[in-house]
Amino acid sequence: MAGVADAAASAAAPGSGGEGRRGGILEQQDSGRGEPKTLWGSSDPRPPAAGPGQPSPQQRTETLGFYESDRDRKKKRSLSDLSLLRFISAELTRGYFLEHNEAKYTERRERVYTCMRIPKELEKLMFFGIFLCLDAFLYIFTLLPLRVFLAMFRFITLPCYGLRDRRLLQPAQVCDILKGVILVICYFMMHYVDYSMMYHLIRGQSVIKLYIIYNMLEVADRLFSSFGQDILDALYWTATEPKERKRAHIGVIPHFLMAVMYVFLHAILIMVQATTLNVAFNSHNKSLLTIMMSNNFVEIKGSVFKKFEKNNLFQMSNSDIKERFTNYVLLLIVCLRNMEQFSWNPDHFWVLFPDVCMVVASEIAVDIVKHAFITKFNDITADVYSEYRASLAFDLVSSRQKNAYTDYSDSVSRRMGFIPLPLAVLLIRVITSSIKVQGVLAYICVVLFYCGLISFKVLNSIVLLGKSCQYVKEAKMEEKLFNPILTATPGKPAGKQQSMFKSTQGRSTDENGSPSVTNQPVHQKENTPSLLVTSNSDQFLTTPDGEEKDISQDSSELKHRSSKKDLLEIDRFTICGNRID
């Protein structure tokens, strides 16, 4: 009874909340009569407002523990929602929207399109470049002998016409005679090299040793090509530069001997390459040929994961063109040597044909994969190969100008590193040793073949010149044929650069600024400001990472330009100074 009295007293106490609890209990007891009652004593589901200083109804109900069972029920329900079937259902029906990152996916799609365009654009460049190399190579066999004959005829008949000029021969004629003499001397020197002994010596080596030898020969070939054209250019310039004393002509002799030794050694190097390839073709299990072809795929690893700019990729493209053409000539030499050993049996050619196709296909596949991933990793578009083709076409068109400063074959050599003289010496040596000419009919066939070769050379030159003019017009580079770019080399005064340019090009700029073709260089006044003649194509064939060039108005001070170089000013080995590892 005491406990009941205490409970009643506490319920009656103000602010204790006893009335609410008692009212709630009574209303629960009367829930069987009339309308259902809530815990707050009315049919309104909303809880009554709490008075000042009183706890909220929600707190009061929680103290009684009536909703603890509901919270446990909700927890159990939430745990049942995290079932395996519900997770799998969510994974199967989960969605996302690609348009939320539209720029990223558009860029990825363009990269795919670029990779798909690379084979077509690259093969266009390769096709054009290979025919450029073929034109320079056929020049050695067709037009060079005729030009040498005309130069010798002029030299012999010169006393009959009198000396109208200080020079006995024109510079181009002197260079042609030097090329012809080097070709003949190296051809006779190659007779002292025994091809059969070299073949059996290489054949007796192990496969791994031959693989190492072939890699060393490729490296040596690139080094010879890089230094060989400099030797030949030094010889041509030493023989044709204006000299005040006759004793100065003696300096041509050491340069000539150096050029002969270079061509001879380079021809032997290419012969060893051809012999190694011939041994690989004639091996029974073809293991050496497979290893040599796998060497091309190693090239992908060495070049794909490096940073390349447009100029670097241009040099690699030129190197690939030269390498592919050289491989074609090596395959021709291998076929000639094998056909000779089998008495020119046509059935043996079809035995060699699958191996030849395999070598060519592997070379094409490696080039495509290499260029596709290089352009992908360096964000270079496929249109850059059109620029490279236009640059090669510009070399051809500019070499046909009246005031050209170099021969076309020499410009191809500088651009691609392809030097036709050693390869021509080796091919002549192989053809003369493989094919025996006997009888009048055989000589008539040789003459007819030579006439057909000349016709093919002329036709090839005409087609290449027409396509080159088309590519130059498409690239809007016609202005460069008439407006040379006068740039000052960093560290050199502008006046020296202009005088050197005019002495080599034979061009001068008059007071109105229009270029004129002259025979002798004209020196400008000291106060004349240096001019930089540019065209729209300067921005077309440049690397995107360079800064804008500043044209100074003062002739004595020119600001150093950035590393933005025109593709037309880069030869085959400029990359050696700008190597990016």
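In µm²/s, what is D for segment 355-491 at 4 °C and 1.567 mPa s, where D = kT/(6 pi eta Rh) by Stokes-Einstein and Rh is the Kirkwood radius from Cα pairs?
In µm²/s, the coefficient is 68.
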For segment 134-229, listing trypsin sites (Lys or Arg not before Pro) in a DSSP loop whose Cβ sees at most 16 other Cβ atoms within 10 Å gives Arg164, Arg166, Arg167
With all protein chains present, how much of the accessible area of segment 284-418 (probe radius 1.4 Å) comes from carbon and sulfur, to the nearest whole percent?
-> 64
Segment 328-433 accessible area per residue, 1.4 Å probe, protein heavy atoms, integer Å², reads 38
Pairs Lys436/Lys457; Lys124/Lys286; Lys124/Lys480; Lys124/Lys307; Lys402/Lys457: which exceed 30 Å Cα-Cα?
-> Lys124/Lys286
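The values are calculated or read from the model by the stated rules, or taken from the named source; none is laboratory data. Just so it is clear, the structure is predicted and the values come from calculations on it, not from any experiment. Cβ sites come from the backbone with ideal geometry, for glycine too, and all protein chains shown count toward neighbours. Accessible surface is based on the protein model in full, side chains and every heavy atom, while ligands, DNA and RNA are left aside. Shrake-Rupley method; radii C 1.70, N 1.55, O 1.52, S 1.80 Å.
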